[in-house]
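*Asks:* Have a look at this one before I ask anything.
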Amino acid sequence: MEILLRTALAPCLVLLVSAVARRSGPRPGGLLLGLPMTSVPFVMLLWLNTGIETAARAARGLVAAQLAVACFCLAYGRLAPALRPARALLVALAGTAAAAVAAATCPNVWLTAAAALAVTCAGLGTWPAPPPAGRPSTRVRRGREVGTRMAVSAATVPLALTAARALGPFAAGVLAAFPVLLAVMAPAVHRTTGAQAAAVMMRAALTVVPGTLAFLLLLCTAL
């Protein structure tokens, strides 16, 4: 049941973000991507299935993973205007993986949260101003492209849960909050709408990180 729910949540969120980004622009889609829409149900299900102590350790992992989320948004948003989607994604994922390892090995979750907040504030404070608006380089979004995004996001969830069982609840939390959906949506928007739209989406997702951090820290403390 847990795997089924987690598998359904991710592609449904991709479908929702794709529809919002198409109708309202990339910024509202980025704001939705930054919310802990899949992480919180994951902790609740873990709490019901394995107990409050396991859920609390998983919540610490969710907090630690926000450093990786902030690094991905910052890296892809800055690289999108200069690189093709595939190259920007590879470089951003490399930096994100390094940040995730650093967060997972840090013994103090508050220190990790402070690092994520520092990265977020530094990124938003130094974000370059958008260029003058011109003709948007949009392409037609086909249904099969959205279906591919949903399939990719759905496949990553059971794989992460399977790996997490061998690594423990803290690692499960880190994997559950890893920016998989951002990694699916960023290059898709980059290809179909342009580099500037991808950068706007990443900046919007980055602005949500402080609020998500505060919520997850409260959840972690309560558990």
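The values are calculated or read from the model by the stated rules, or taken from the named source; none is laboratory data. Note that the structure is predicted; figures quoted are calculated from it, not measured. Cβ atoms come from the backbone with ideal geometry, glycine included; neighbour counts cover every protein chain shown. Just so you know, the surface numbers come from the protein's heavy atoms only, side chains and all, with ligands and any DNA or RNA stripped out. Shrake-Rupley method; radii C 1.70, N 1.55, O 1.52, S 1.80 Å.
*Asks:* Identify all residues within segment 68-84 that are open to solvent by less than 30 Å² (accessible area, probe 1.4 Å) and within 15 Å of GLY194 (Cβ to Cβ); write none if there are none.
*Replies:* TYR76, GLY77, ALA80
*Asks:* Another one. Answer yes if at least one residue in segment 155-171 is open to solvent by 40 Å² or more (accessible area, probe 1.4 Å), closer than 21 Å to LEU67 by Cβ and either at pLDDT 70 or above or not in a helix (DSSP H, G or I) (or both), and no otherwise.
*Replies:* Yes, some residue in segment 155-171 is open to solvent by 40 Å² or more (accessible area, probe 1.4 Å), closer than 21 Å to LEU67 by Cβ and either at pLDDT 70 or above or not in a helix (DSSP H, G or I) (or both).
*Asks:* Right, here's the next one. Would you point out which residue out of ARG23, ARG87 is at pLDDT 90 or above, assigned to a helix (DSSP H, G or I) and open to solvent by 40 Å² or more (accessible area, probe 1.4 Å)?
*Replies:* On the way: ARG23 fails: at pLDDT 90 or above.
Answer to the check: ARG87.
*Asks:* Further question: Which one of these is closer than 20 Å to CYS121 by Cβ, in a helix (DSSP H, G or I) and open to solvent by 30 Å² or more (accessible area, probe 1.4 Å): ALA92, ALA102, ALA97, ALA65?
*Replies:* Values: ALA92 fails: open to solvent by 30 Å² or more (accessible area, probe 1.4 Å); ALA97 fails: closer than 20 Å to CYS121 by Cβ; ALA65 fails: open to solvent by 30 Å² or more (accessible area, probe 1.4 Å).
Of the residues listed, the single one that is closer than 20 Å to CYS121 by Cβ, in a helix (DSSP H, G or I) and open to solvent by 30 Å² or more (accessible area, probe 1.4 Å) is ALA102.
*Asks:* Within segment 114-130, take every residue that is in a loop (DSSP other than H, G, I, E, B) and touching a helix residue (DSSP H, G or I) at 6+ places or on another chain (Cβ under 7 Å) and give me the one that is modelled with the highest pLDDT.
*Replies:* Narrowing segment 114-130 to residues in a loop (DSSP other than H, G, I, E, B): 126-130.
With touching a helix residue (DSSP H, G or I) at 6+ places or on another chain (Cβ under 7 Å) added as a condition, the list becomes 127, 130.
Details: TRP127: 90, PRO130: 65.
So, considering only residues that are in a loop (DSSP other than H, G, I, E, B) and touching a helix residue (DSSP H, G or I) at 6+ places or on another chain (Cβ under 7 Å), the one modelled with the highest pLDDT is TRP127.
*Asks:* So the check is Cβ under 7 Å with 6+ separation or different chains; which pairs have a first residue in segment 86-103 that's within 16 Å of VAL63 (Cα to Cα) and a second one that's surrounded by 15 or more Cβ atoms within 10 Å (Cβ to Cβ) and among the β-branched types (Val, Ile, Thr)?
*Replies:* ALA100/VAL174; ALA103/THR112; ALA103/VAL174
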